Amino acid sequence: MRVVIKIGFFLCTSFFYGQVETQNNNIWLHYVGKNKIANKTFFTLEATMRYTDWLGEKQQWFIRPSFDYQITPKLLGSVGYTHYNTYSYGDIPINKRSIPEDHIWIQGTFTHHAKDFKFIHRLRDENRFVSVAVKNAITNEYDIDSYAYRNRVRYMFLMNYTLTQKDDKAKLFAVLGDEVFVNLGTNAGKTFFNQNRIIAGFGYNINSQNQIQLNYIQQHIWNFPNTIQEDNSTIRLSYITNLDFTKHK
């Protein structure tokens, strides 16, 4: 009920107090490598380079290592770290300069199947340490002055539908889903929402160890003081590996 009230309040305030709206065209190059290192334990490394103005301008990069444990056949628990660098980009930039950011996070991923459908639910709690840029009165440049703690929760729902099979295993599949990011705590900023991503595309299993995905993402971003909103059309190309190092022991 509290979440419903917050959402309603947010929509009302957004209606009466308009923000500056801007739009970007993004291309994200994305890698995820899941590596089995013990019976139920995995080490995952995720990394991305993101561009806007198609490939004309850098938007963001991050690297995200994590350790994952298969709690049940359907539930995977993870703990990880992420380092981001978000550039100053676009016609109306949210950031005055490049902003580094560090996260420590925990996550649960629940996966289940129904005939040709695969459903993925992912819930992540991120403890964010975001650098704060302050204008230098002498140089008129923005310098990193400190780091602010912020808490963000992300929920993603994905649905995969098998289009073609080989040896009773999915080859080509369709992807549809959404991921919502919400700010929590006393230092959450002026808006309950941080981001929303509508996701649609296709994936192809090259073999049991290699997969590629091409997705379209409609990304909406609210900045911290809720004065700028971005509505970005995004193409994400992902290469995903799934390696089992326990077979070599």
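Here are a few things to note about the model shown:
- Think of the range 54-162 as a dipole: +1 on every Lys or Arg Cβ, -1 on every Asp or Glu Cβ, centred on the Cα centre; then among SER88, VAL134, ILE63, ILE63 lies furthest on the positive end.
- Working note: Debye formula, equal point scatterers on the alpha-carbon atoms of the range 179-223, no solvent; log10 I(q)/I(0) at q = 0.19, 0.22, 0.23 Å⁻¹ is -0.67, -0.75, -0.78.
- By the helix-only formula, in which each DSSP H run with n ≥ 4 contributes -39500 (n - 2.57) and the sum is divided by residues, the chain has a 222 nm mean residue ellipticity of -2000 deg cm²/dmol.
- Full extension of the segment from SER208 to ASP145, taken as 0.36 nm per residue of separation minus the current Cα-Cα distance, would add 18.0 nm.
- Debye log10 I(q)/I(0) for the range 27-110, one point scatterer per Cα, at q = 0.14, 0.15, 0.17, 0.19 Å⁻¹: -0.59, -0.65, -0.75, -0.85
- q = 0.10, 0.12, 0.19 Å⁻¹: log10 I(q)/I(0) that the Debye formula gives for the range 90-222, counting C-alpha atoms only: -0.49, -0.65, -1.13
- Computed magnitude of the charge dipole of the chain (debye, nearest 20; Cβ of K, R +1, Cβ of D, E -1): 880
- Net charge contributed by nearby residues that have their C-beta within less than 10 Å of TRP105 (K/R +1, D/E -1): +3
- Residues considered: SER208, SER233, SER98. Largest GNM mean-square fluctuation over the chain, using C-alpha springs under 10 Å, is found at SER208.
- Theoretical gain in end-to-end length, ASP167 to ALA114 [0.36 nm per residue, Cα-Cα removed]: 17.3 nm
- Inter-centroid distance (Cα atoms) of the range 112-164 relative to the range 226-249, Å: 12
- One Cα centroid belongs to the range 28-50, the other to the range 52-104; the line between them spans 14 Å.
- Excluding ligands, DNA and RNA, the accessible surface per residue across the range 65-107 is 50 Å² with a 1.4 Å probe.
- Kirkwood Rh, angstrom, the range 151-249 [1 / mean 1/r, Cα pairs]: 15.8
- Between helix 2-16 and the chain: long-axis angle, C-alpha atoms, 0 to 90°, nearest 10: 50
- Accessible-area composition of the chain, carbon plus sulfur, in percent [1.4 Å probe]: 62
- Student exercise, the range 69-214 dipole from Lys, Arg, Asp, Glu Cβ charges, in Debye to nearest 20: 340
- Here the range 43-91 is assigned +1 on the Cβ of each Lys and Arg and -1 on the Cβ of each Asp and Glu. Its dipole about the Cα centre then comes out at about 220 debye.
- Distance between the 7 Å Cα→Cβ label points at HIS121 and LYS74: 0.8 nm.
- Contour excess over end-to-end distance, with Cα ends at ILE106 and VAL153 and 0.36 nm allotted per residue: 15.9 nm
- Highest-fluctuation residue, PHE202, PHE117, PHE193 considered, GNM on the chain with Cα pairs under 10 Å: PHE117
- Listed residues TYR81, TYR142, TYR51, most fluctuating in the chain (Gaussian network, C-alpha, under 10 Å): TYR142
- For GLN211, neighbours were defined as the other residues whose beta-carbon sits under 13 Å from its Cβ, and their charges (Lys and Arg +1, Asp and Glu -1) total +4.
- Too-long pairs where the Cα-Cα distance tops 18 Å, listed order kept, from LYS40/LYS74; LYS74/LYS247; LYS58/LYS96; LYS40/LYS115: LYS74/LYS247; LYS40/LYS115
- Separation in nanometres of the label points that stand 7 Å from Cα toward Cβ, at ALA137 and HIS83: 3.4
- The Rg/Rh ratio of the chain, with both radii computed over alpha carbons and Rh defined as the Kirkwood radius, is 0.99.
- Efficiency of FRET between GLN218 and THR186 - r from beta-carbon atoms, R0 22 angstrom, step 0.05: 0.10
The values are calculated or read from the model by the stated rules, or taken from the named source; none is laboratory data. Owing to the predicted nature of the structure, the values given are computational and were not obtained by experimental measurement. Neighbour counts run over all protein chains shown; Cβ positions are idealised from the backbone, glycine included. Please note that ligands, DNA and RNA were not included when accessible areas were found on the heavy atoms of the full protein model with its side chains. Shrake-Rupley method; radii C 1.70, N 1.55, O 1.52, S 1.80 Å.
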